[in-house]
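None of the figures in this text is laboratory data; all of them are computed from the coordinates on show. Since the structure is predicted, the reported quantities are computational estimates derived from the model, not experimental observations. When we count neighbours, we look across all protein chains shown, and the Cβ atoms used for this are built from the backbone with ideal geometry, even at glycine.
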Amino acid sequence: MQNLLQSYRKNRTLIITLVILLLLLLLAIQGMSTRDWVVTLLRGLAVGSITFLVAAGLSIILGLLDVLNLAHGTLFMIGAYVGWSMYVRPDTVVDISTPFLLVLAGFLLMPLWLPLLSRLKLSRGTMRVWPWIALVAGLALLAVALTRYPISIWSATVYQDSPIVWTQYFEAGTVAENVTPATFPSALGALLTWGALLIGSMLVGLAAVGFAVARRGATAQAGRPATRPLIWFVVLVIVGVALYVVNTPLSGFLLGLGSNALFVLAIVVATLVGAGLGGLMESTLIRPLYERAIYQILLTLGLGFIGVEMVRTIWGRTGFTMPKPELFSSTGDGCPADSIAGWLQYHCSTIIIDIGGEPARIRTYNELFVIAVGIFVLIVVWLLLQRTRLGMIIRAGVQDSRMVEALGINVRRVFTLVFALGVGLAAFGGVIAAPANGLSDTMGATLLLSSLIALAIGGLTSFPGAAAGAVIVGLTQQFIIRYGQLGINLPFMEEPWKPSPPLVPASVILLMIVILLVLPQGLFGRSE
Amino acid sequence: MNAATTDKSPWRRHAGFLITVAFLAALPFILAVVEGLPFGSLLANDSSTAKFLQGLLIEVFILAVFAISYDLVLGVTGLLSFGHGMFFAFGSYLTGVLLKTFGWPLWAVLIGAVVAGLFNALLFAVVLPRVKGITFALVTLGIASVFDILIRTQEMNPYTGSDVGLQGIPRPDFLNPVDDRLRFYYVTLAFAILIYLLYKRFVDSPTGRVCIATRENENRALNIGFNTFYFKLAALILAGVTASLAGMFNTLYKPLVSPEIAGLGFTVEGLLMLLIGGIGTLSGAMIGAAILRLMEYYLSRWFGEGAAFILGAIYILIVMFLPYGIVGTWRLRRLDIAAGRQRLLSYFTGRQKETPDKGKL
């Protein structure tokens, strides 16, 4: 009893805030019919799950690395767009994988250059100059080879070939008929282009090592050269060329797959691309800036803007949709279903259930699947944090990363891994959100704002806080949208007051400001 | 600072500033000469490339004032505010609404803009003592977003023109950039110079020193006995009023206000100006504003759509490799060079003194 009273006194503000939030929720529920509030609750939870997928990564990265990754929204968007590409145009992804693997193979040889360079005795002047020459030459080679590389891709500027039209082909099931495979005109051209890609990426890698050596001096230990990069190099080159050889049958097979399988593939590809981008970002751009806290924020902000421009050039400025997979899209026989079993039987896009005497339309993808994914990810990440060695290191690192480093753990590697994980999670969220909300070049900025709000509400570095904040943001948004349709009966007013749509984000922001003024650390944040 | 630099005459000490001012004052005439226009045509306000470039420079001056006010908050006082664009946008919109809807005279609008800046700064000051660091950034971003949302709502349409922006604002007779652009040029130039001098004075004053101390180590400043809140508030108010006035000039110059200036993008543009020039250097902010505006203009003329891409790449490169910006790096290097030269001189002089000593021994 004494303990209880003590912990109440300690957390009085928090408890009162939570109680007020709960009362607000009850008040909001009170004003609606049972059907309305159940549907609104589901929608709010769905928005909350998507927000959570972004906020979770953001919060872990902020906690462990002290980096507020403002590019997270853009990476979420890139995930969605990459997922769309794999889903609608798998042949394009197969086309791109060959040059991608070859360039990657070239970069993988980087560890070999250091011992090589340390053996060469070059004058300081030469050391200063040659990396620049190698860099320019490599980049020029890469640019020439990549622009010439035959890739069968949509066009961002021509409407007849735009993502919008390809989405329509996908819905009509005629993607395979409209694809024109892209191949090299001659075998010699293919060999030359591949050679240019390999040499170009090797030169860029060489230049990068050269810059490092020029700055710090070669410090390679004498010993046998590392063979592992060489093996990887050979493997990647063989896989890349093999992918080109089997390009047509593989594309045909992928195009013939059902949309469920393609959706799973899209999730896998987008998550991997996101994780790769995250790892790359951390190891090349953010790592040099750990000493300069504000600059990391500025850097990620700039990266976010660049990412948006990139998406605009590749996929175009106009938004489009991503068709839902078969499992959630049928409108034919037996649809709309009257129960979950009915949905599993007929794969309906909606379920109509009787709630409180009224029929409620619930969309299976938007309101059931998304929530299920959110809960699944919540549990998986929670288990990862609580039950694995990596999670233990992460939790310890959030507390005090210097101490963890002092205990002999390679924190840098964990940093890269966590950044990749967080970004991968955001990209995963992007693919999940795309069929529900469509794709547009503003989706990243919108979601970044709401997940930042969720973080601020929940406490910046707390994982349960991120989940709670995301749910609060989602519920607030959806209840206000619903009240915008229904109208609120306020005292002293003749007609019910209808909040206009722009007030939805404004209300969430105001909620955040109020909560932060009462609890500057957020609901579950650690006070410093 | 050693005696050698302080002994310089005031003319020599401020040579850079004076040359810049003189150059900017003469620039409309230089441009006219370059284009081959007679001065009479320049004074008669004929349309020409020179007049267009004057307009570009007027925008530069206005943005420079915005940038320097952001520098005072972010660079000098160290408040990570992501809502600074709101100060500018508020001044801009208020000027437009007061001139268009209420038909106020210019002097009243001026007072209104000052009061608006004060009000905005106080709005930020409400959250200032509670939240710090990233949370402060988020809250200011939130407040600015609420403002952005409010001006875009349909309810505000008669006043702010929602998504289209405020258009058809009457220009006052005295300050009319179309009829007499040269006068507008000199008014904005004088405004920018005045603000620069004011800021320089502020940062060099005891109050400004405490602001810098707050940025460097707030706890230490508190322990010395300064209530840092008041100093942060002073910086915020000064910056808020200045940015609001810059917004007023922005509306007067191009008599329309687009809602884009209320968004995060405009604040990020301000950040970019600071980064290019050097955070916390005051003059760097203004130089950065000039470089960014001119670069934006020419890049979009040469590259069209790709300009945003190039700007983004420049941004990243500056963050990675030129963290102190142009002015900041120059200051660092200048000290290095001066120190190196002195070491060299003392090495030589020392040796010259040493050798006779040795000879005596």
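Observations on the model:
- Cβ-based exposure ranking for B:PHE88, A:PHE419, A:PHE463, in which fewest neighbours within 10 Å come first: A:PHE463, A:PHE419, B:PHE88
- Cα-based reach from A:LYS324 at 16 Å (exclusive), listing aspartates and glutamates while leaving out same-chain residues under 8 positions away: A:GLU171, A:GLU367
- Ranking of B:TRP107, A:TRP315, A:TRP37 by count of other Cβ atoms within 10 Å, fewest first: B:TRP107, A:TRP37, A:TRP315
- Cβ-based charge dipole, segment A:256-375, positive-most Cα from A:ALA341, A:PRO359, A:PHE305: A:PHE305
- Unpaired Cys in the protein assembly as shown, meaning no second Cys C-beta under 4.7 Å: B:CYS211.
- Compared with the direct C-alpha span, the chain from A:ILE164 to A:LEU272 gains 36.4 nm at full extension, assuming 0.36 nm per residue.
- Here the dipole of the protein assembly as shown is about 3920 debye; that uses its Cα centre as origin and unit charges on the Cβ of Lys and Arg (positive) and Asp and Glu (negative).
- Among the residues of B:129-141, the average count of other protein chain beta-carbon atoms within 10 Å of the residue beta-carbon is 6.
- Length-normalised contact order for segment B:12-323 - Cα pairs under 8 Å, 6+ apart - percent: 33
- Average partner coverage of B:152-165, which counts Cβ from other chains inside 10 Å: 1
- Formal net charge of residues neighbouring A:ASP36 (Cβ-Cβ distance under 9 Å; K, R +1; D, E -1): +1
- Listed residue (A:PHE376, A:VAL418, A:VAL39) projecting farthest to the positive dipole end of chain A, Cβ model: A:VAL418
- Mean residue ellipticity (222 nm) of the protein assembly as shown, computed from DSSP H runs ≥ 4 via -39,500 (n - 2.57), nearest 500: -24000 deg cm²/dmol
- Taking other C-beta atoms within 10 angstrom as a stand-in for reagent exposure, B:SER92, A:SER152 fall in the order A:SER152, B:SER92, fewest first.
- Straight-line cross-link partners of A:LYS498 among the aspartates and glutamates, defined as a Cα under 14 Å from its Cα and at least 8 positions apart when in the same chain: B:GLU155.
- Around the Cα centre of segment B:21-141, unit charges on the Cβ atoms of Lys, Arg, Asp and Glu (plus for the first two, minus for the last two) sum to a dipole of about 440 debye.
- Dipole magnitude for segment B:12-323: about 800 debye, using +1 per Lys or Arg Cβ and -1 per Asp or Glu Cβ, origin at the Cα centre.
- Placing unit charges on each Cβ (+1 for Lys and Arg, -1 for Asp and Glu) gives the protein assembly as shown a dipole about its Cα centre, and among A:LEU236, B:GLY103, A:THR174 the Cα reaching farthest toward its positive end belongs to A:LEU236.
- Shielding of A:304-314 by partner chains, average beta-carbon count, 10 Å: 4
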